[in-house]
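The values are calculated or read from the model by the stated rules, or taken from the named source; none is laboratory data. Fair warning: this is a prediction, and the values are worked out from it, not measured in the lab. FYI the Cβ positions are ideal-geometry reconstructions off the backbone, even for glycines, and counts take in every protein chain you see. Just the protein is used for accessible areas: all its heavy atoms, side chains included, with ligands, DNA and RNA removed. Shrake-Rupley method; radii C 1.70, N 1.55, O 1.52, S 1.80 Å.
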Amino acid sequence: MSEVVSDVLEDMVRTELTRQATAPHPDPDRILHRVRVTRRRTTTMTSAAVMVLVIVVGATVWTAIPRTGGTLPEEVRLGQPTALWFADPDHGYALVDACPTACQVWLAVTTDGGRSWHGRAIPGLTAAGHIHTAADGSAWISGGSLVLVSRDRGRTWREIPLPPGATPDGFDTYDGHHLYLVSGQGLWRKTGDDGDWQRLDAPTGNPLQARPQPDGGLLLTDPANGARFYAPPGSTAFQPTDRPDLGHKPNGARQLRRTGPNAPYEHSTDGHTWTPLPF
């Protein structure tokens with residue numbers, strides 16, 4: 001409570017007590033003394049509560065990605081197609097590295113549609129994987145042995161523990177609440193950052209493409225024959241389906257291509273005009 005508000009409150013109390021002079025009541029100064037004591041106790045308790053909250057939250061977040069951006073190293077490149085994401089036409093994110101010279105992954109950021117980039121190293125991440133923002137605004141990075149989430153626009157990041165022996169290569173989420181992991185070790189779903197991973201029953205032994213859907217379910221496609229299977233939230237079993245794929249686009253508000261195996265990546269907003277993707 002500010003001193004200005006406190007003084008106004010005391011003036012109001014004093015005025016009211018004076019106005020009711022005909023009614024029996026304690027001395028106004030004694031009441032005002034109690035108001036001041038209560039105010040101090042309330043302020044102290046509020047400050048203590050804030051300190052406890054900061055301590056508890058601080059113990060659960062992962063903040064190793066520096067907040068300040070700098071110049072990216074020379075000759076960095078996009079790790080793989082899923083390592084680029086544009087939240088809108090101007091704001092984009094990418095996971096870049098200079099492997100095999102220096103296999104340190106950097107988080108590159110642009111605010112001008114990809115014309116210029118700045119970046120910061122991600123400690124512990126040596127293999128670029130996947131980056132995107134979910135429908136709830138959360139940001140996700142996966143690669144190497146890490147899955148990281150930020151729910152405050154990149155100010156802090158939290159590591160999401162994986163099932164024992166699993167790798168995050170097939171991690172994805174649409175809504176930021178239902179998390180999915182598809183790898184050679186199995187198929188899992190997790191609800192919320194702190195939920196437990198639940199193993200799902202794969203409908204076939206073939207390699208599958210997994211696409212989280214807006215309703216929190218998971219759509220699987222068998223590239224060998226085009227067959228599709230769907231499991232709604234809360235179910236561990238998949239059923240054949242012909243429902244359309246409503247998952248997010250691979251690169252958000254951008255399209256990405258390369259004209260050859262070693263050619264540089266190009267990006268486009270409309271699929272007709274393509275420009276190089278420099279870092």
Assuming Pro168 fulfils every condition listed in (1) at negative phi; (2) touching a Ser or Thr at 6+ places or on another chain (Cβ under 8 Å); (3) surrounded by fewer than 19 Cβ atoms within 10 Å (Cβ to Cβ) apart from one, which condition is it? (3)
Going residue by residue through the range 85-92, is there one that turns out to be in a loop (DSSP other than H, G, I, E, B), modelled with pLDDT of 85 or more and either basic (Lys, Arg) or touching a helix residue (DSSP H, G or I) at 6+ places or on another chain (Cβ under 8 Å) (or both)? no
Condition first: open to solvent by less than 20 Å² (accessible area, probe 1.4 Å), aromatic (Phe, Trp, Tyr) and part of a strand (DSSP E or B). Can you find one or more residues in the range 135-152 that meet it? yes
Take the conditions open to solvent by less than 30 Å² (accessible area, probe 1.4 Å), hydroxyl-bearing (Ser, Thr, Tyr) and more than 21 Å from Ala83 (Cα to Cα) and apply them to Tyr230. Does it pass? yes
Within the range 55-63, does at least one residue satisfy the condition of being out of contact with any Phe, Trp or Tyr (no Cβ under 9 Å at 6 or more places or on another chain), open to solvent by 70 Å² or more (accessible area, probe 1.4 Å), modelled with pLDDT of 80 or more and assigned to a loop (DSSP other than H, G, I, E, B)? no
In the range 99-129, residues that are touching a strand residue (DSSP E or B) at 6+ places or on another chain (Cβ under 7 Å), in a strand (DSSP E or B) and either among the aliphatic types (A, V, I, L, M) or open to solvent by less than 30 Å² (accessible area, probe 1.4 Å) (or both) total 7
Could you please let me know if His272 is touching a His at 6+ places or on another chain (Cβ under 9 Å) and either assigned to a loop (DSSP other than H, G, I, E, B) or open to solvent by 30 Å² or more (accessible area, probe 1.4 Å) (or both)? no
Please go through the range 184-198 and pick out each residue that is part of a strand (DSSP E or B) and more than 15 Å from Pro161 (Cβ to Cβ). Gly186, Leu187
Expected single match for among the small types (Gly, Ala, Ser) and under 28 Å from the mean Cα position of the chain (by Cα) among Gly226, Gly260, Gly247 is Gly247
Return the only residue of Ala237, Ala202, Ala224, Ala210 being closer than 22 Å to Thr82 by Cα, among the aliphatic types (A, V, I, L, M) and assigned to a loop (DSSP other than H, G, I, E, B). Ala224
Verdict on Ala202 being open to solvent by 50 Å² or more (accessible area, probe 1.4 Å) and touching a residue at least 12 places away in the same chain (Cβ under 8 Å): yes
Checking Thr191, Thr259 in turn, the sole residue that is surrounded by fewer than 14 Cβ atoms within 10 Å (Cβ to Cβ) and of a type in the set (Val, Ile, Thr) turns out to be Thr259
